[in-house]
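Right, one structure below, let's go through it.
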Amino acid sequence: MSTSSSLIQGISILVSDDDEASGKVRVRVRRKRNRHPVSARRRFLRRAARLGGPLLLAALAVSLFAYEYYRLYPFRSPSSSATRPPPPRTQAAGNLSRVDRAARAADGARKSCLKMLDTEMLQNLEFREPREQNLPVKKVVYRSSLPHPEDNISSHMTNSRFNSFTGYQTLTEREESFKPKETTSVHCGFYSENGGFSVSDVDKDYMRSCRVVVATCAFGGGDDLHQPIGMTEASVKKVCYVAFWDEVTRSAQQEEGNKIGEDLKIGLWRIILVRDLPFTDQRLNGKIPKLISHRLFPMARYSIWVDSKSQFRRDPLGVIEALLWRSNSSLALSEHGARSSLYDEGKAIVKKHKATPEEVKIQLDQYRQDGIPDDKRFNGKKALAEASVIVRDHAPLTNVFMCLWFNEVVRFTSRDQLSFPYVLRRLRLPGVHLFPVCARKDLVNSFGHRRKVKPLAKEGR
């Protein structure tokens, strides 16, 4: 039996030969399925799932921020041994609670890179003199404009960066300076009384009173002054916080309402105004308090240098204990975060236009001639350092090292990370502690440079 079928607006009509014969037609209505309505409870759960995810993430972010804040600023009773400094006048209060990205292990847990003593131990930490070691240098004589028997005035180079502040170191004198003797004579700035970098007698007396120093500088209107945090009451009493400014920086800060008080301070920083800067290159002027602080603080036993773009956020005596005393070191600074070879660093400096290709080539050619290899490791550590934080003692051999480093920066480019591995290999200073990058991030909050410095429009001396 044959059957035909057609669909008309959802009605199925089945017609068979028998039905046609009898005159009957069977009609079957196909009913449309009705979906069950979604319950109100299910709709609520779906909406909650859509909205709850972002709210949960926001709550986790707030909780993490609160944890970091109270880790840095735990609640303390008035009798607590640690103290926070007065609110700074040079920056927004919110900047003080900024914390850089923390170093984290693979499982996401915080990894502590800088092992500091607890607050009670820091409060009672006794000041320690640098250890007497069997080192070749017992006394350092700084060359000045006074005649020296071995001076050869006619052989002085005409390098425009050498001037009456630095003296005129010849290549022969440079080579001899890397052969330390019991009494070593070196160029180390302040060559002439008329060489520049002058400060008032009041400031000189203050600097002579310091035994432990945290120093920074901003010349040419550079960066703002970031107030230190995280110190104990004992450190506030024992440590000098010194910022070197010129008149351009003072004027720029005064325009923003940051005035030096009657006590010559802004917050914890004692401001030292420097007159008659010796170099047209402000970066080179900044190397004076950075590298040869022992010439500025003759009675100090320890110093910590902090770049002006950074905020120091640890107890200074605790940092000295952790990075120098505990490891029996004389000099501590951070490993470089990106590179390990000074020759690779030279290429990066040219690529980033931080020095001219000609300047870098002259420096690296001299270093190759002096036998410095293209090694990425030295004594088991990276051969390249990042010097935004420098922790050091002021022992004679350490002072010689810093003088030679300063002389290399004057002779060649201002990029001190190029000359550090050279001086380290040539002098072989014992007790150099290159700590990991994560420890540097524990030491400071980095804000970056705020404004471009103004170069001095004058000729070299």
Item to complete: Using a 10 Å cut-off on Cβ atoms, rank the peptides 266-274, 385-393 from the highest mean neighbour count down.
Response: 385-393, 266-274
Worksheet item: Could you give the length gained on full extension between ASP374 and GLU255, defined as 0.36 nm per residue of separation minus the Cα-Cα distance, in nm?
Response: 38.0 nm
Discussion item. Give me a comma-separated list of calculated 3J(HN,Hα) values for the range 113-122, in order, Karplus coefficients 6.51, -1.76, 1.60 applied at θ = phi - 60°, integers in Hz, x for any Gly or Pro.
Written reply: 9, 10, 7, 9, 5, 6, 4, 5, 5, 5
Discussion item. Checking the a/c ratio against 1.5 first, then a/b against b/c, what shape does the Cα gyration tensor give for the range 234-282?
Written reply: oblate
Response to the item:
Per the C-alpha gyration tensor (a ≥ b ≥ c, the square roots of its eigenvalues), the range 202-309 is rounded if a/c is under 1.5, else prolate if a/b beats b/c, else oblate; here it's oblate
Response to the item:
Violations at 31 Å Cα threshold for listed pairs LYS181/LYS441; LYS115/LYS179; LYS204/LYS361; LYS179/LYS290; LYS139/LYS347; LYS139/LYS361 -> LYS181/LYS441; LYS115/LYS179; LYS204/LYS361; LYS139/LYS347; LYS139/LYS361
Worksheet, complete the sentence: Toy charge model, Lys and Arg Cβ at +1, Asp and Glu Cβ at -1: the range 364-410 dipole around Cα centroid in debye, rounded to 20, equals 220
Item to complete: Provide the solvent-accessible area of ASP223, counting protein heavy atoms only and rolling a 1.4 Å probe, rounded to the nearest 10 Å².
Response: 10
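The values are calculated or read from the model by the stated rules, or taken from the named source; none is laboratory data. The shown structure was predicted, so the numbers you read here are calculated from the model rather than taken from an experiment. Cβ coordinates were reconstructed from backbone atoms using ideal geometry, including for glycine residues, and neighbour counts include every protein chain displayed. For accessibility, only protein heavy atoms count, side chains too; no ligands or nucleic acids. Shrake-Rupley method; radii C 1.70, N 1.55, O 1.52, S 1.80 Å.
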